[in-house]
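Remarks on the structure that follows.
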Amino acid sequence: MPEFGAAFAEALSLVIRLDRDLAEIVWLSLKVSLAAVFLATVIGMPLGAAVALFHFPGRKAVIVGLNALMGLPPVVVGLIVYLALSRAGPFGVFGLLFTPAALIAAQVLLVVPIIAALTRQVVEDLWAEYSDQLRSFGAGPGRALTALLWDGRFTLLTAVLAGFGRASAEVGAVMIVGGNIDHVTRVMTTAIALEVRKGDLALALGLGVILMVLSLIVNGAAFLIKDTVETRYG
Amino acid sequence: MMIRFWLAAAVACIWPVQAGAGDGKTFITVASTTSTQNSGFFAHILPLFGKNTGIEVRVVAVGTGQALRLARRGDADVLFVHHGPSEEKFVAAGFGVKRHDVMVNDFVIVGPGDDPAGIGGITDAAKAVRKIADAPAPFVSRGDDSGTHKKEQELWRAAEVDAAAASGTWYRETGSGMGATLNTTAAMRAYTLTDRGTWLGFKNKVGMRVLSEGDRRLLNPYGVILVNPARHPHVKAKLGKIFIDWLISAEGQAAIAAFRIDGRRAFWPNAATAGASRSAIGKKNPQPGTVNRRPSGKRGVEQLPDDPSERRK
């Protein structure tokens with residue numbers, strides 16, 4: 001398997017050369033995925049916690065639905081966002097297709113179910129444990145929701161990281177809604193797909209190595225922050 | 001309150017990413033085929049165009065069929081593809097303003113170096129695919145209704161072989177793009193039909209080589225069309241027209257003629273209005289007459305492989 005050696009050499013040489021195009025692609029990937037994960041957290045966490053705490057008709061169906069949506073096929077999300085943002089679609093007037101905003105929209109759709117479903121589970125377990133205590137303090141459901149989210153913040157970090165993993169590794173949706181346009185919507189995954197199509201497997205694998213290192217750095221940083229905060233203020 | 005917070009968060013998140021991507025610059029969106037992108041063709045000519053005009057060209061490279069659909073929905077300003085009949089239908093239906101000839105390249109049949117079906121050197125493409133079917137040797141088809149796929153089906157019809165009936169045996173349909181299909185072909189030690197541009201730029205050849213080429217039926221003309229602003233008012237007609245005019249101008253045609261992949265030529269300019277380019281290209285091409293001849297021209301094809309850079313292989 002000479003490809004693997006060549007791939008690592010390729011990845012190393014790209015990093016050492018500080019290839020400008022590569023830096024641009026890496027930077028865009030990070031910006032898009034972080035923005036998408038932040039938005040998905042802001043939407044998904046209250047949503048998941050609300051499903052955990054409130055009782056309403058059809059709640060079980062919503063839970064099953066949320067869990068099922070974790071496996072949403074990216075190509076389908078890509079198609080839905082494409083049809084929505086296309087000039088002939090409902091949001092066409094904004095001209096967002098083939099721009100980074102379209103990438104973010106697709107990734108938000110993919111990540112929200114993951115964060116919401118995992119948050120739902122975490123908050124439900126905490127609620128089972130602390131419901132009597134919270135009730136005795138006279139906390140209403142709204143207060144309980146924020147208290148439990150805060151209490152579960154370290155566990156919930158894993159949900160956010162799972163979301164980031166999904167967002168940054170995804171290729172099917174961003175290829176459709178972004179168009180893999182050089183210097184505009186080309187991210188790590190679509191760049192890898194392009195190099196595979198050109199038959200440059202070593203370069204593609206090299207880019208893959210860099211993407212994995214990037215994911216390691218993000219997860220490492222999250223772990224460090226969590227660790228520091230936990231020991232200092234935990 | 002909550003909704004306003006979410007909206008603010010959304011704008012605060014998306015706006016810097018969006019602005020960082022060079023938004024606000026003058027740009028047009030071109031729907032094109034993977035062959036032009038994978039071969040490095042756009043990377044060669046777009047900087048030349050941008051240098052003089054300051055217009056950024058954003059290329060969305062997909063199959064010809066998908067590019068046509070994108071343009072029909074108004075998601076591109078200019079269409080740059082290679083399937084004549086579909087292009088003419090597109091214009092006739094009022095989606096495009098006018099089709100211009102830009103350039104032509106050709107398809108080649110590639111296969112394993114030891115050539116088990118023995119098609120090496122056969123110019124008649126129908127005869128070549130017939131020999132593959134008779135062997136039978138594995139043949140990988142795009143199977144995706146692309147321009148290349150349609151051309152391949154023409155060849156089977158001409159050879160009077162019902163390849164589709166053999167699907168799953170020696171005839172294998174990948175349903176994917178040219179690059180992916182070439183990767184599959186290499187892994188299966190099979191034969192396939194590919195455009196020369198993608199083939200020359202393709203790096204994972206592992207012993208495959210061009211075995212049959214030069215048939216007139218294998219010509220592959222590219223057309224460029226401005227999406228009709230009467231149909232889609234947001235189309236950047238003025239900028240799009242500047243791009244098209246440049247492509248078919250003497251300067252644009254010379255830029256196309258100068259493009260090389262590893263020293264080999266992949267595209268021959270053939271714009272009808274490029275009378276002036278005759279001299280510009282003539283210096284580099286031993287048969288300047290063929291360069292400007294329309295792809296339907298009879299002698300054009302026999303002379304394609306006559307390019308000096310081709311003889312070097």
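The values are calculated or read from the model by the stated rules, or taken from the named source; none is laboratory data. Here the structure is a predicted model, which means the values were calculated and not measured. Note: ideal-geometry Cβ built from the backbone for every residue, glycine included; neighbour counts use all protein chains shown.
Things to note:
- Residue in the stretch A:189-201 that is closer than 21 Å to A:A7 by Cβ, touching a Ser or Thr at 6+ places or on another chain (Cβ under 8 Å), modelled with pLDDT of 95 or more and not aromatic (F, W, Y) present: yes
- Here A:A191 fulfils each of the conditions (1) under 21 Å from B:G40 (Cα atoms); (2) of a type outside the set (K, R); (3) assigned to a helix (DSSP H, G or I); (4) free of Cβ contacts under 8 Å to residues at least 40 places away in the same chain apart from (4).
- Selection count where residues are part of a helix (DSSP H, G or I) and either crowded, with 18+ Cβ neighbours inside 10 Å or in contact with a Lys or Arg (Cβ under 7 Å, 6 or more places away or on another chain) (or both), scope the stretch B:66-83: 6
- Applying the criterion of being within 14 Å of chain B (Cβ to nearest Cβ) and within 22 Å of A:V160 (Cβ to Cβ) to the residues of the stretch A:71-103, the residue that is nearest to the chain's Cα centre (by Cα) is A:L103.
- Residue, farthest from B:E87 (Cα to Cα), within the stretch B:134-155, restricted to residues that are outside any loop (DSSP other than H, G, I, E, B) and at pLDDT below 90: B:K150
- Restricting the stretch A:172-189 to residues that are within 13 Å of chain B (Cβ to nearest Cβ) and among the hydrophobic types (A, V, I, L, M, F, W, C), the residue that is surrounded by the most Cβ atoms within 10 Å (Cβ to Cβ) is A:V174.
- Count - residues of the stretch B:125-164 that are buried (at least 19 other Cβ atoms within 10 Å of the Cβ) and either under 19 Å from B:T34 (Cβ atoms) or within 14 Å of chain A (Cβ to nearest Cβ) (or both): 10
- Here B:D115, B:D106 are screened, and the one residue that is acidic (D, E) and closer than 26 Å to B:G223 by Cα is B:D106.
- Hits in the stretch B:67-111 (condition: within 12 Å of another protein chain (Cβ to nearest Cβ) and free of Cβ contacts under 8 Å to residues at least 12 places away in the same chain): B:R69, B:R73
- Any chance B:D106 is out of contact with any Pro (no Cβ under 6 Å at 6 or more places or on another chain) and closer than 27 Å to B:R265 by Cα: yes
- So B:S167, is it within 14 Å of chain A (Cβ to nearest Cβ), on the phi < 0 side of the Ramachandran plot, out of contact with any Cys (no Cβ under 7 Å at 6 or more places or on another chain) and at pLDDT below 95: no
- Residue in the stretch B:217-233 that is in a loop (DSSP other than H, G, I, E, B), of a type in the set (K, R), surrounded by fewer than 23 Cβ atoms within 10 Å (Cβ to Cβ) and not assigned by TED's automatic domain parsing to the domain that holds B:R142 present: yes
- Considering the conditions (1) assigned to a helix (DSSP H, G or I); (2) at the interface with chain B (Cβ under 10 Å from one of its Cβ atoms); (3) of a type in the set (A, V, I, L, M, F, W, C); (4) closer than 18 Å to B:I14 by Cβ, A:A106 is excluded by exactly one of them, (2).
- Across the stretch A:197-207, the qualifying residues are those that are assigned to a helix (DSSP H, G or I) and facing another protein chain (nearest Cβ under 7 Å), and the one among them that is farthest from B:D75 (Cα to Cα) is A:L201.
- Restricting B:A61, B:A31 to those that are in a strand (DSSP E or B), at pLDDT below 95 and under 12 Å from the mean Cα position of the chain (by Cα) reduces the list to B:A61.
- Members of the stretch B:156-182 that are outside any loop (DSSP other than H, G, I, E, B) and of a type in the set (V, I, T): B:T181
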